[in-house]
Amino acid sequence: MIPRKYKINNMNLHSLKPAKGATHKEKRLGRGEASGKGGTSTKGNKGGQSRAGYKRKMAHEGGQMPIQRRIPKRGFKNISRIEHKVFNLGQFDHLAEKYNITEFSLENLYINGLISRTDSVKVLGQGELKGKFSFKVNAISEKAKAAIEAAGGTVEIVK
């Protein structure tokens, strides 16, 4: 039994009201002079921003020629270009010692964090190769291939 001092009388669903000050009347814009917001309905004077469906245009500079139209076009992007992750022969002795690798394949390079999963690898001939290594890469220069085979290594091109 609830003590008398805590008992609330007349608590019914039809008598519930929000707390005082919790609600306010909605502004009714565009409903004439009597609304107190007549004429322009608080949207200022004429122009696109006062019209229905207005959306700011991307790169609009208030009538000034937009920057992407002021600046001339330069060059092009070749969509057929293949971007390779490049390694030189001089790097492989150091990498073999650091990561304990004798076969430089895409999987080994990825596992050791040297390339990302989608990279293609090209070996160039700058520097000297001291060890005997096998390579499974996407591309290799003629000079690098000759140097690897002269050191007793093998080269396999993978696609």
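Observations on the structure shown:
- For region 146-159, the candidate set comprises residues that are in a helix (DSSP H, G or I) and exposed (fewer than 15 other Cβ atoms within 10 Å of the Cβ); within that set, the residue that is farthest from the chain's Cα centre (by Cα) is 150.
- Among the residues listed as 34, 19, 52, 59, the single one being farther than 30 Å from residue 139 by Cβ, touching a Pro at 6+ places or on another chain (Cβ under 8 Å) and free of Cβ contacts under 8 Å to residues at least 12 places away in the same chain: 59
- Residue within region 58-67 that is in contact with a strand residue (DSSP E or B) (Cβ under 9 Å, 6 or more places away or on another chain), under 19 Å from residue 145 (Cα atoms) and either at pLDDT 95 or above or assigned to a helix (DSSP H, G or I) (or both) present: no
- Filter result for the condition that a residue is free of Cβ contacts under 8 Å to residues at least 12 places away in the same chain and charged (D, E, K, R), over 97, 128: 97
- If you go through region 90-111 and keep only what is within 19 Å of residue 143 (Cα to Cα), in contact with a helix residue (DSSP H, G or I) (Cβ under 8 Å, 6 or more places away or on another chain) and surrounded by fewer than 17 Cβ atoms within 10 Å (Cβ to Cβ), you end up with nothing.
The values are calculated or read from the model by the stated rules, or taken from the named source; none is laboratory data. Treat the numbers as computed from the prediction; the structure is a model and nothing was measured. Ideal geometry is used to build each Cβ from the backbone, glycine not excepted, and the neighbour counts take in all protein chains shown.
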